[in-house]
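The block underneath contains the structure these notes are about, expressed in structure tokens.
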Amino acid sequence: MVGEEQQQPEMAEDLTQQLRSKATELLLREEWKEAVLAYSQFINICQGQISKTRQHPDPDNLPKLHKSLCLALSNRAEARSRLREFAEALKDCDQALEIGSAHFKTLLCKGKILLNLNRYSMALDCFKIALLDPHASGNAECLNGYLEKCKRLEFLSRTGAFDLSDWVVNGYRGKSPELAEYIGPAQIRKSAISGRGLFATKNVDAGTLVLVTKAIATERGILPSEDSGENAQLVMWKNFIDRVTGSITKCPRTHNLVSTLSISEDEDGLQVPDISLFGPEGEETGHSNEKLDMGRILNILDVNSLVEDAVSAKVLGKNSDYYGVGLWILASFINHSCNPNARRLHVGDYVMVHASRDVKAGEEFTFGYYDALSPLGKRKEMSKTWGFQCNCKRCKFEEEMWGKQEIREIEMGLERGMDVGGAVYRLEEGMRRWVVRGKEKGYLRASFWSAYSGTYCSEKSMKRWGRRIPAVDAVVDSVLEVVGSDERLVKVQVEGSKKTNGLADMERSVKLGKGVYGKAVKKQALRALLELGFH
């Protein structure tokens, strides 16, 4: 009987050893799901043995069991992080660190997870403590690399001092620049346009960075032409939904943040969250006990998803080869206006939002969901596909103006191939008679932009009409004031500066370019882009 009692612990130890070896092998083979299951079994056995040992103290065995448990939790955290189950992985790290507060492998794993979640300061603390460990000497180069990365990203997150210049000028060669999440001079408030919006907290000039945020999920692909394009988009949309639901399921914080978004119902009753909630060091909002409501998630995605090739966006780098859709939570709070003042750059999985013209404190940041350089009728058609009717000042003003016979004649004439210079001349003369001034003049010029650009870019038109219509600078400035910077405005300005070879004209082009690319592309780089033809 005594022999049998001795054999039982030995057999249990053998089984435990076999299970640990199996789990380690699965981890080395990068079979993450299977490794998680094997380590979970091992951890349960280990915890059971620790409970028994506490009841019958064994001073030699307890430290060994704690050491085994700490390592198993650390390895399970590693496997879970590879599956992007970051919330569960962090729980494992915290449990392991309760056993050994300076456990090197766990600190390294936790630091990498926090870095993945853009929690730069917390990640930095982990790497600093890990560096004090004697085991760090063999990994000093790797650790120092993580430390420097954390410091750099934390600095960018705090200051917004991004510089894409070299990458842009070099034709987006190599990897996309490493970006950090950043919130600039903005806050979320109730909006007169719709629900809630993003507002400037101080005066900002064109090009000022408003925010940088990483996508919850994206889906990209090359769309085939003709009939199969629609089917391909449906497949992409399904994949995108799966990616979003996967992110929400794996991370309670993501679930909570996505749940703050609108589904275009009861807009007045929506809570206004503090913008810091969405920042990289934003507080955990507690674990969501809500069951995943797929109907609500689909409505949120329908209302809040952004396509990368939108008119108010510029896709940089290899992303530009694809059709892309994504969910960027903070950017989703930005409403539409036909006189927008913000644009976005898509870089990898990040979106950078900047002012496309000067914006005053308290003014709402807005995107053009559809083309602001098009006439009222076309904008109305486009707004239907978005499921809303725009009631901005520009639309209301143009509703009145389109009651004039002459405006309708000019629009119909252009559709039938009317001389663009003649159309511009008629419109300018009409505005003089109707006493249209200031921004209202910019509204109409923006609506007939295709006629203006066609005239200014044609030597033949300029010879015939040039002296009878306003200078290109005056028109570009008035359109800029109402719709913000746009590549089409820049191209017309660049064409004008090439003809005059004027330094002042080139400087104006650079200033316009800032509204398209933001201040993340510096002056010299912008100048080089413009001289290359602004592509």
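The values are calculated or read from the model by the stated rules, or taken from the named source; none is laboratory data. All values derive from a computational prediction rather than experimental measurement. Don't worry about glycine lacking a Cβ; one is built from the backbone with ideal geometry, like all the others, and counts go over all protein chains shown. To get the accessible areas, we keep the full protein, side chains included, count just its heavy atoms, and leave off ligands, DNA and RNA. Shrake-Rupley method; radii C 1.70, N 1.55, O 1.52, S 1.80 Å.
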**OP:** Could you please find all residues in segment 353-368 being more than 20 Å from PRO273 (Cα to Cα) and open to solvent by less than 10 Å² (accessible area, probe 1.4 Å)?
**Re:** HIS354, ALA355, SER356, VAL359, PHE367, GLY368
Original post:
Tell me, which residue of segment 228-261 that is open to solvent by 80 Å² or more (accessible area, probe 1.4 Å) and among the β-branched types (Val, Ile, Thr) is nearest to ARG82 (Cα to Cα)?
Top reply: THR249
Subject >> First in segment 106-120 and more than 13 Å from ARG80 (Cβ to Cβ), second anywhere and basic (Lys, Arg) and not in a helix (DSSP H, G or I), Cβ under 8 Å, 6 or more apart >> reply: ASN118/LYS214
**OP:** Test VAL311 against the criterion of being in contact (Cβ under 8 Å) with a residue 12 or more places away in the chain, assigned by TED's automatic domain parsing to the domain that holds ARG196, outside any helix (DSSP H, G or I) and under 12 Å from the mean Cα position of the chain (by Cα), and give yes or no.
**Re:** no
**OP:** Could you please give the count of residues in segment 452-475 that are buried (at least 19 other Cβ atoms within 10 Å of the Cβ) and either in contact with a Gly (Cβ under 8 Å, 6 or more places away or on another chain) or part of a loop (DSSP other than H, G, I, E, B) (or both)?
**Re:** 6
**OP:** Could you run through segment 161-183 and say how many residues are assigned to a loop (DSSP other than H, G, I, E, B) and open to solvent by 20 Å² or more (accessible area, probe 1.4 Å)?
**Re:** 12
**OP:** Keeping to segment 303-322, report how many residues are open to solvent by 50 Å² or more (accessible area, probe 1.4 Å) and hydroxyl-bearing (Ser, Thr, Tyr).
**Re:** 2
Original post:
Across segment 118-144, what is the number of residues that are over 25 Å from LEU69 (Cβ atoms) and aliphatic (A, V, I, L, M)?
Top reply: 2
Subject >> Identity of the residue in segment 64-80, basic (Lys, Arg) and surrounded by fewer than 24 Cβ atoms within 10 Å (Cβ to Cβ), that ends up farthest from the chain's Cα centre (by Cα) >> reply: LYS64
**OP:** Considering each residue of segment 374-395, count those that are charged (D, E, K, R) and loosely packed, with under 13 Cβ neighbours inside 10 Å, and give that number.
**Re:** 2
Subject >> Hey, GLY362 modelled with pLDDT of 95 or more and within 30 Å of ILE263 (Cβ to Cβ) or not >> reply: yes
Original post:
Does TYR350 satisfy being closer than 23 Å to ILE297 by Cα, open to solvent by 10 Å² or more (accessible area, probe 1.4 Å) and touching a residue at least 40 places away in the same chain (Cβ under 8 Å)?
Top reply: yes
Subject >> helices (runs of 4 or more DSSP H) fully within segment 17-129 counting 1 or more residues that are assigned by TED's automatic domain parsing to the domain that holds ARG243 and out of contact with any Phe, Trp or Tyr (no Cβ under 7 Å at 6 or more places or on another chain) >> reply: none
**OP:** Please indicate, with yes or no, whether at least one residue in segment 424-431 is more than 30 Å from VAL303 (Cβ to Cβ), of a type in the set (A, V, I, L, M), open to solvent by less than 20 Å² (accessible area, probe 1.4 Å) and without any contact (Cβ under 8 Å) to a residue 24 or more places away in the chain.
**Re:** yes
Original post:
From the list ASN61, ASN44, which residue is farther than 16 Å from SER21 by Cβ, open to solvent by 50 Å² or more (accessible area, probe 1.4 Å) and modelled with pLDDT of 90 or more?
Top reply: ASN44
Subject >> Matching residues, segment 309-331, being closer than 19 Å to ARG488 by Cβ and not basic (Lys, Arg) >> reply: ASP309, ALA310, VAL311, SER312, ALA313, VAL315, LEU316, SER320
**OP:** Among the residues of segment 479-526, count how many are open to solvent by 40 Å² or more (accessible area, probe 1.4 Å), modelled with pLDDT under 85 and over 20 Å from ARG357 (Cβ atoms).
**Re:** 6
Original post:
Name the residues in segment 451-486 that are free of Cβ contacts under 8 Å to residues at least 60 places away in the same chain and under 17 Å from ASP505 (Cα atoms), would you?
Top reply: SER453, TYR456, CYS457, PRO470, ALA471, VAL472, ASP473, ALA474, VAL475, VAL476, ASP477, SER478
